[in-house]
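Peer 1: Sharing a structure below in structure tokens format, with a few things to ask.
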Amino acid sequence: MQRGKLLILSMAGVENSGLSRVGFITSRRVGSAVARNRVRRRLREIVRRHQHDLRQDFWIVLVAKRDAAKASYRDLEDEWLRLARRASILL
């Protein structure tokens with residue numbers, strides 16, 4: 001588990017699962033439904049743009065923290081890349 005200011009990244013290695021799968025959790029603490037959906041859309045796009053850089057055979061869960069609703073797209077992307085590198089799931 002890797003913790004950052006905006007996100008928590010948790011992962012599990014699963015043998016022979018192929019491409020990595022990613023799930024997103026945005027609780028009510030993040031904000032209103034509009035804010036939670038915005039954070040989820042941004043995280044999905046960030047992971048989609050970097051999916052070819054991910055190692056295979058991992059299931060990943062990204063939990064958005066309260067400050068993620070106020071963060072810019074670039075801040076979320078930087079946080080994702082930093083946590084993914086620290087967790088050694090990027091190629």
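Peer 1: Can we say Val14 is within 22 Å of Leu91 (Cβ to Cβ), among the β-branched types (Val, Ile, Thr), open to solvent by less than 90 Å² (accessible area, probe 1.4 Å) and over 14 Å from the mean Cα position of the chain (by Cα)? Break it down into steps so the answer makes sense when it comes.
Peer 2: Details: within 22 Å of Leu91 (Cβ to Cβ): yes; among the β-branched types (Val, Ile, Thr): yes; open to solvent by less than 90 Å² (accessible area, probe 1.4 Å): yes; over 14 Å from the mean Cα position of the chain (by Cα): yes.
It is true that Val14 is within 22 Å of Leu91 (Cβ to Cβ), among the β-branched types (Val, Ile, Thr), open to solvent by less than 90 Å² (accessible area, probe 1.4 Å) and over 14 Å from the mean Cα position of the chain (by Cα).
Peer 1: Now, a different point. Leu62 - would you say it is in a helix (DSSP H, G or I) and under 10 Å from the mean Cα position of the chain (by Cα)? If you could, list the steps in order and put the result at the bottom.
Peer 2: Working: in a helix (DSSP H, G or I): no; under 10 Å from the mean Cα position of the chain (by Cα): yes.
Criteria not met by Leu62.
Peer 1: I'd like the residue in the stretch 25-62 that is among the β-branched types (Val, Ile, Thr) and closer than 15 Å to Asp78 by Cα and, out of all such residues, is surrounded by the most Cβ atoms within 10 Å (Cβ to Cβ).
Peer 2: Val39
Peer 1: While we're here: Given the criteria at pLDDT 95 or above and surrounded by 18 or more Cβ atoms within 10 Å (Cβ to Cβ), does Glu77 qualify?
Peer 2: Details: at pLDDT 95 or above: yes; surrounded by 18 or more Cβ atoms within 10 Å (Cβ to Cβ): yes.
Yes; evaluated as a whole, the condition is true for this residue.
Peer 1: Same structure again: Just checking, does the stretch 16-31 include any residue being touching a helix residue (DSSP H, G or I) at 6+ places or on another chain (Cβ under 6 Å), touching a residue at least 60 places away in the same chain (Cβ under 8 Å) and outside any strand (DSSP E or B)? I'd like the intermediate steps shown before the answer.
Peer 2: Kept after step one, since they are touching a helix residue (DSSP H, G or I) at 6+ places or on another chain (Cβ under 6 Å), are these residues of the stretch 16-31: 22, 24, 26, 29-31.
So of that shortlist, the ones also touching a residue at least 60 places away in the same chain (Cβ under 8 Å) come out as none.
No.
The values are calculated or read from the model by the stated rules, or taken from the named source; none is laboratory data. Quantities reported herein were computed from a predicted structural model and do not represent experimental measurements. All Cβ positions, even for glycine, are placed from backbone atoms using ideal geometry, and neighbour counts span all protein chains on display. Surface areas here come from the heavy atoms of the whole protein model, side chains and all, with no ligands, DNA or RNA. Shrake-Rupley method; radii C 1.70, N 1.55, O 1.52, S 1.80 Å.
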